[in-house]
Amino acid sequence: MALSEMQRVHSPVDPVLYPLLAVVLITLGLLFTASFFIYEVTSSKFSRNIVRELATGGVASVLLGFGSLFLLLWTGVYV
Amino acid sequence: MGRRTGLLAVWLLVVACYLAPLSAANVDPNIVNTRVDRKLDLATQTVRISSTIKFENRGSTPVRSYLLALAPSEAAHLAFIGATQGKGRSQTTLAVEAVAGIPGVPSSLSLYEVALTRPVGGGESATLEVVSVHTGAEVPYPAEITQSEEQLVLYTGSLHLVSPYATASESSKVGLPTSLVKAYTKAEPVKKSGTEITYGPYSDVAPLSVEELRIHFENNSPFAVADLEREIEVSHWGNVYVTENYKMRNAGAKHKGTFSRFEYQARPGMSGQNAIRELLARLPPRANSIYYRDEIGNISTSHVRSTSRVTEVQLEPRYPLMGGWKTEFTLGYSLPLADFLFRAKDGRRVLNITFGCPLRDVVVEDLTVKVILPEGSTDLTASVPFPVAQARDVRLTYLDTVGRPVLVLKKSTAVMEHNQHFQVSYRFRGVALLAEPLLLVAFFLALFLASMACLRVDLTIAKSSASYQADLHRHKVRDILARLAALLTARATEADKIEAALKELSRSGDVGAARAARKAVEGSLKDSAKSVKALQDELDGAGDAKAAAKAAAVVAKEQQKVTAQAQLAETAVAVWEKKLAAKDGEQRMAALHARIKALKQEVRDAIQALED
């Protein structure tokens, strides 16, 4: 099959968006991280709610995970 | 009996000898080269011989293939051989294959069979263009020169096109870099004018005539020879990284004596003439993030020019490479993915990128091309237009778990002609792209889980100490008070619904709806009152009298407020049902409103005090 008949493969996310995504996702991720740790240090062993901890931590890690991926891509470390 | 078998063997041998010339891969005596024009380009270190061969089939059976031969001196240095037919847009590349063991041809000669595009019938003529590239055919002579001397080289080749067929007329033109020629083979007719030597025309050259051609001439063009390792790393996030590690040396006449930088700088055209001063790399368009460094660090002498068709990088080695000197450096660049990666209809990804060295006029002795594909790629196949050695490897880099599949392609003696596109096709599932971000997510999640676990570990040694117990007790009471505060706040919101229902009543006059709303609110308040009682019991159980008193006060205050709100609702409904004079009702309601307002504030303050 000739190459001219094939479809070009593009990145799933336009590389132009990498800086924006990195900044937005990491900012939100850090906010959730802050909220997670504030809750951790203000709650006591009696008042702690594991569901709330896992939810905040989970959201924060998803945001930070994708944010740091786009940060790597933005800086030129194409993983 | 024995005599008879002997006779049979002889007879068979005769038949075999007679039949042999008729097989396909034999020299067809009916082919005659009617005209051969050769051009020998000796301007650089690589010798390019392009021959235009016009041949005629004087037999009656059509000819499908044409044989080419190379003299041992040419074959030893052969890097590339190719044949084309036709000119301009109709030019087609023909398959050239090495063949051996053809009767009538000495085994010292290398033979190549060219498959013609269409058979040449009896009496017909056809024209072939054959290009062969030879490296190392120009030997520096003398082998060592001083800085101020020019480089002289000795070329040994073949005077004729070595052909298994008879040649009617042949001429050769030799192109030289300068007009300085020390000696050359004088096979009449021969003419030298300027930078060109013309041999021939020779008529009726016998098949397989080998005559040596020797030219001793000046050639100052740099003899850059390198070992090159190219790494092509594909990232589906939109990039193709290329890293090229060069081990380069100047294979020209060796530098003799000391090197004078002053003389080199002061007389650029006269000193260190065979030195490699700069290199030119022709990279694909839209190449970016180009870097050039060696072991010490960045080499700043480089220039980049980009056009829509090519990105040219001009590099100067850290020091001029005099004859025999070596250097090692790395050239790296990034390319946009969409220019090189394609998706076939069956879902396979196809990488289409150039194979050879992007530097101009460099002979690569050992070329290794490593194609590093994203993690999760399977079923790798390469299609290269010339023979290469293939191997597989695995590479672990950023965010890898099982490693990236690597296809290693090796080729010895690569020249400009090998700078062709090749394809690597592989299977890749789009989901595999998520592996890297999910790895990062898992890493952060592990951090959060670790900190959760750390806070849950109680490392107190003296668990029975008074201060520890007091602390525990304080936390427990505070937690109950916080829960009580939350519950009371929720109750306040619930109770406020009564007032909202009354407002609705004053607008619509629907007494039934107001009654129903009040009933619902009172029901839910009754339920939550049980929870309040339970919390109060828990507080009593904890044995903190002060906190229990504080809580009881708040609960009592809150009860007063709820009662006042109930009274307000009763009064309003009574007024609407005309059981109460409007004037009295207004007065009573105004008083209740004021009382509720004050109580609300008190309850709010008391709840806040619980949490402090």
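Data table
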{"read-out": "Pair list, Cβ < 8 Å and 6+ apart or interchain, from region A:1-20 residues that are facing chain B (nearest Cβ under 8 Å) to residues that are of a type in the set (Val, Ile, Thr)", "value": "A:3/B:350; A:6/B:350"}
{"read-out": "Exclusive hit being touching a Leu at 6+ places or on another chain (Cβ under 7 Å), surrounded by fewer than 18 Cβ atoms within 10 Å (Cβ to Cβ) and among the basic types (Lys, Arg), set B:182, B:192", "value": "B:182"}
{"read-out": "Wholly enclosed strands (runs of 3 or more DSSP E) of region B:1-114 bearing at least 1 residues of a type in the set (Phe, Trp, Tyr) and at pLDDT 85 or above", "value": "B:46-57, B:63-70, B:78-85"}
{"read-out": "Neighbours by Cβ (under 7 Å, 6+ apart or cross-chain): first from region B:451-477, facing another protein chain (nearest Cβ under 9 Å); second assigned to a loop (DSSP other than H, G, I, E, B)", "value": "B:475/A:44; B:475/A:45; B:475/A:46; B:476/A:46"}
{"read-out": "Unmet criterion (only one of (1) within 43 Å of the chain's Cα centre (by Cα); (2) buried (at least 18 other Cβ atoms within 10 Å of the Cβ); (3) small (Gly, Ala, Ser)) for residue B:175", "value": "(2)"}
{"read-out": "Restricting region B:330-367 to residues that are without any contact (Cβ under 8 Å) to a residue 24 or more places away in the chain and surrounded by fewer than 20 Cβ atoms within 10 Å (Cβ to Cβ), the residue that is nearest to the other protein chains (Cβ to nearest Cβ)", "value": "B:343"}
{"read-out": "Residue check for residue B:537: assigned to a helix (DSSP H, G or I), of a type outside the set (S, T, N, Q) and in contact with a Phe, Trp or Tyr (Cβ under 8 Å, 6 or more places away or on another chain)", "value": "no"}
{"read-out": "Within region B:359-405, strands (runs of 3 or more DSSP E) holding 2 or more residues that are acidic (Asp, Glu)", "value": "B:362-372"}
{"read-out": "Residues within region A:21-50 that are outside any helix (DSSP H, G or I) and more than 10 Å from chain B (Cβ to nearest Cβ), tallied", "value": "1"}
{"read-out": "Complete set of residues in region B:372-405 that are within 18 Å of the chain's Cα centre (by Cα), under 20 Å from residue B:340 (Cα atoms) and not hydrophobic (A, V, I, L, M, F, W, C)", "value": "B:374, B:375, B:376, B:377, B:378, B:379, B:381, B:383, B:404, B:405"}
{"read-out": "Positions within region B:514-573 being closer than 27 Å to residue B:478 by Cβ and among the basic types (Lys, Arg), in sequence order", "value": "B:530, B:533, B:546, B:550, B:557, B:561"}
{"read-out": "Conditions (1) among the hydrophobic types (A, V, I, L, M, F, W, C); (2) facing another protein chain (nearest Cβ under 8 Å); (3) touching a helix residue (DSSP H, G or I) at 6+ places or on another chain (Cβ under 6 Å): number failed by residue A:74", "value": "(2)"}
{"read-out": "Subset of region B:411-461 that is more than 18 Å from the chain's Cα centre (by Cα) and part of a strand (DSSP E or B) - its residue that is surrounded by the fewest Cβ atoms within 10 Å (Cβ to Cβ)", "value": "B:412"}
{"read-out": "Criterion violated by residue B:76 - all others in (1) small (Gly, Ala, Ser); (2) farther than 25 Å from residue B:152 by Cβ; (3) surrounded by fewer than 14 Cβ atoms within 10 Å (Cβ to Cβ) satisfied", "value": "(2)"}
{"read-out": "Any chance residue B:370 is in contact (Cβ under 8 Å) with a residue 40 or more places away in the chain, touching a strand residue (DSSP E or B) at 6+ places or on another chain (Cβ under 7 Å) and either within 30 Å of residue B:149 (Cβ to Cβ) or not assigned by TED's automatic domain parsing to the domain that holds residue B:232 (or both)", "value": "no"}
{"read-out": "Breaking point among (1) within 21 Å of residue B:73 (Cα to Cα); (2) among the β-branched types (Val, Ile, Thr); (3) without any contact (Cβ under 8 Å) to a residue 60 or more places away in the chain, for residue B:153", "value": "(3)"}
{"read-out": "Residue count for region B:299-323, restricted to those that are closer than 18 Å to residue B:259 by Cα and in a strand (DSSP E or B)", "value": "1"}
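The values are calculated or read from the model by the stated rules, or taken from the named source; none is laboratory data. None of these values were measured; they are calculated from a predicted model. Heads up, the Cβs are rebuilt from the backbone with ideal geometry, glycines too, and the neighbour counts pull from every protein chain shown.
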